[in-house]
Each structure stands twice: as structure tokens, then as C-alpha cells.
1. So, in region 73-123, of the ones that are at pLDDT below 90 and of a type in the set (Ser, Thr, Tyr), which residue ends up nearest to the chain's Cα centre (by Cα)?
2. Please state which one of Ala28, Ala49, Ala39, Ala33 is among the small types (Gly, Ala, Ser), assigned to a helix (DSSP H, G or I) and in contact with a helix residue (DSSP H, G or I) (Cβ under 9 Å, 6 or more places away or on another chain).
3. What are the residue pairs meeting all of these: first residue in region 88-112, first residue in the same structural domain as Val130 (by the TED database), second residue surrounded by 15 or more Cβ atoms within 10 Å (Cβ to Cβ) and outside any helix (DSSP H, G or I), Cβ atoms under 7 Å, and 6 or more apart or on different chains?
4. Of all residues in region 6-21, which are within 48 Å of the chain's Cα centre (by Cα) and open to solvent by less than 100 Å² (accessible area, probe 1.4 Å)?
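The values are calculated or read from the model by the stated rules, or taken from the named source; none is laboratory data. What you see is a predicted model; the values in this text were computed from it and never measured. Here the Cβ positions follow ideal geometry from the backbone for every residue, glycine too, while neighbour counts run over all protein chains shown. These accessible areas exclude ligands, DNA and RNA; they are computed on the full protein's heavy atoms, side chains included. Shrake-Rupley method; radii C 1.70, N 1.55, O 1.52, S 1.80 Å.
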Amino acid sequence: LALRIVRDQTAAEDVTIEVYLQLHQQAARYNPARGTPAAWLLTLTRSRAIDRLRRETVHSQCESLPEPMPFVSPLPDPEAQSVMAERRVMVRKALAALTKEQRQVIEIAYYTGLSHSQIAAQLGQPLGTVKTRIRIGLNALRAQLGPLLGDALETQPETA
């Protein structure tokens, strides 16, 4: 019966040994009113064989699972946070160095995504004035933030 359930000679032998060990340890628990000794033996064998199959199934599933991915924090490391904080301070200082009008048109363009024409209409200013303020403001920012960003600014085209 064990061989028929587990379909492996070695595993069936192990199940049989487990069953005989259990019989020896629990012989006093046999109740003749519940069935014959052979029926009790077969019931124990069936239970141990099914338990063995379940253990092997779980074991093989655990072996076939991929290696767990290492945990990577979504937060930047302390050094990166420090660099970002330093950059924020420098960008704020560079923006503060612009004239009020330059800062206003750059902030509108950046935060709202409006075109130059739309900004001019919103502020009631000539289109040329808005374009000039944006260009001069961006050039001033580029000059102040150039050391911070290094070559990254040199590779980007100038906005008109």
C-alpha cells in the first residue's frame, strides 16, 4: 500500500518503518471494536504515506521557488538625501537671485506647463517680453547652477 501511494521504493520502505514504529509505540491504543488489526495497520500506512507525499510536495515547491529579491528601500540613502538637500538650497538661492519678473515667468512655465503665448496672455504682457525674461532668467540660472550640475548643462540645448 505504501509503495502504491508514494510510488518510490525507498520512500515506501521509510513509510513502512514509520508505521511499524508507530504500531510498537501505540499498541495499547488499538481498539478491537473499531476494526481488525490489519485494517488498523492499513489505515496507519495510508495516513503515513499521504503525509509523506504532502511533505515531499511542499519540499519540492519550496525548492522550485525563485530566490527572494533583496529588499531595496524606496528612500534614497543618507548621502543621496544630503546631496539632494544641498541642491535644493542652491536652486532656491539661484531663483532668489533672479528678478521678480524673471522668477514669475519661469515658475509659471515650469509649474503650469503653459506656452510662452499663454503666459503672456495670463500676465497681460507682450510675448517678446515674456520670452526675453524666460531666456535671461534661464541663462542666469545656468550660470549660477553650472558648478552644481557640471557637464549636464553643457550638453543641453539652450531654450529660446
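1. Of everything passing the filter in region 73-123, Ser73 is nearest to the chain's Cα centre (by Cα).
2. Criteria check complete, one pass: Ala49.
3. Here the result reads Ile108/Leu114, each pair linking region 88-112 to a residue that is surrounded by 15 or more Cβ atoms within 10 Å (Cβ to Cβ) and outside any helix (DSSP H, G or I).
4. The answer is Val6, Asp8, Thr10, Ala11, Ala12, Glu13, Asp14, Val15, Thr16, Glu18, Val19.
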